[in-house]
1. With the requirement that a residue be under 15 Å from Arg19 (Cα atoms) and of a type in the set (Val, Ile, Thr), what does the stretch 32-80 give you?
2. Considering only residues of the stretch 64-82 that are assigned to a helix (DSSP H, G or I) and among the small types (Gly, Ala, Ser), which is farthest from Thr6 (Cα to Cα)?
3. In the stretch 57-71, is there at least one residue being acidic (Asp, Glu) and out of contact with any helix residue (DSSP H, G or I) (no Cβ under 8 Å at 6 or more places or on another chain)?
4. Out of Ser37, Ser12, Ser66, Ser82, I need the residue that is small (Gly, Ala, Ser) and buried (at least 20 other Cβ atoms within 10 Å of the Cβ). Which one?
5. Mind telling me which of the residues Ala43, Ala74, Ala48 ends up being surrounded by 13 or more Cβ atoms within 10 Å (Cβ to Cβ) and touching a residue at least 40 places away in the same chain (Cβ under 8 Å)?
6. The conditions are (1) open to solvent by 40 Å² or more (accessible area, probe 1.4 Å); (2) in contact (Cβ under 8 Å) with a residue 12 or more places away in the chain; (3) hydrophobic (A, V, I, L, M, F, W, C), and Phe28 fails exactly one of them. Which is it?
7. Within the stretch 51-63, can you find the residues that are open to solvent by 60 Å² or more (accessible area, probe 1.4 Å) and among the hydrophobic types (A, V, I, L, M, F, W, C)?
8. Is it the case that some residue within the stretch 43-63 is hydroxyl-bearing (Ser, Thr, Tyr) and not in a helix (DSSP H, G or I)?
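The values are calculated or read from the model by the stated rules, or taken from the named source; none is laboratory data. Being a predicted model, the structure only gives us computed values, none of them experimental. Quick reminder, even Gly has a Cβ in these numbers, built from the backbone with ideal geometry, and neighbours come from all protein chains shown. To get the accessible areas, we keep the full protein, side chains included, count just its heavy atoms, and leave off ligands, DNA and RNA. Shrake-Rupley method; radii C 1.70, N 1.55, O 1.52, S 1.80 Å.
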Amino acid sequence: MYEYKTQGTCSSKITFDIRDNKVYGLSFTDGCNGNLSGISILAEGMEAAELIKRLKGVRCGSKKTSCPDQLAKALERAVKAS
């Protein structure tokens, strides 16, 4: 299980597992519950590389990042570490 402390977002932490290069058990702590629950459901079983490709650079309003962008960063770090 990977744990990533977010920066610049309403959510404070992202946890997930990667098995066979696919994401499982994605969960966000804090943040917009409905949106983040939806992202977690959609990401379940998806290739980590595809999620990174789709989510990297997504911004939230005037912020330079977003919860999806932070997820992409977390996944990049996890993939690199494995």
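1. Answer for the stretch 32-80, where residues must be under 15 Å from Arg19 (Cα atoms) and of a type in the set (Val, Ile, Thr): just Val79.
2. As a first pass, look at the stretch 64-82 and keep what is assigned to a helix (DSSP H, G or I): 67-81.
Among the residues that remain, those that are also among the small types (Gly, Ala, Ser) are: 72, 74, 78, 81.
Numbers: Ala72: 11, Ala74: 8, Ala78: 14, Ala81: 17 Å.
Only one residue tops the list, namely Ala81.
3. Looking only at the stretch 57-71, we keep the residues that are acidic (Asp, Glu), and these are 69.
Next, only the ones that are out of contact with any helix residue (DSSP H, G or I) (no Cβ under 8 Å at 6 or more places or on another chain) stay: none.
No, the conditions are met nowhere in the stretch 57-71.
4. Numbers: Ser37 fails: buried (at least 20 other Cβ atoms within 10 Å of the Cβ); Ser12 fails: buried (at least 20 other Cβ atoms within 10 Å of the Cβ); Ser82 fails: buried (at least 20 other Cβ atoms within 10 Å of the Cβ).
Going through Ser37, Ser12, Ser66, Ser82 in turn, the sole match is Ser66.
5. On the way: Ala43 fails: touching a residue at least 40 places away in the same chain (Cβ under 8 Å); Ala48 fails: touching a residue at least 40 places away in the same chain (Cβ under 8 Å).
Just one listed residue meets the conditions, Ala74.
6. (1)
7. Cys60, the sole residue that qualifies.
8. Taking the stretch 43-63 first, the residues hydroxyl-bearing (Ser, Thr, Tyr) are 62.
In the following step, the residues that additionally are not in a helix (DSSP H, G or I) were identified as 62.
Scanning the stretch 43-63 turns up at least one residue that is hydroxyl-bearing (Ser, Thr, Tyr) and not in a helix (DSSP H, G or I).
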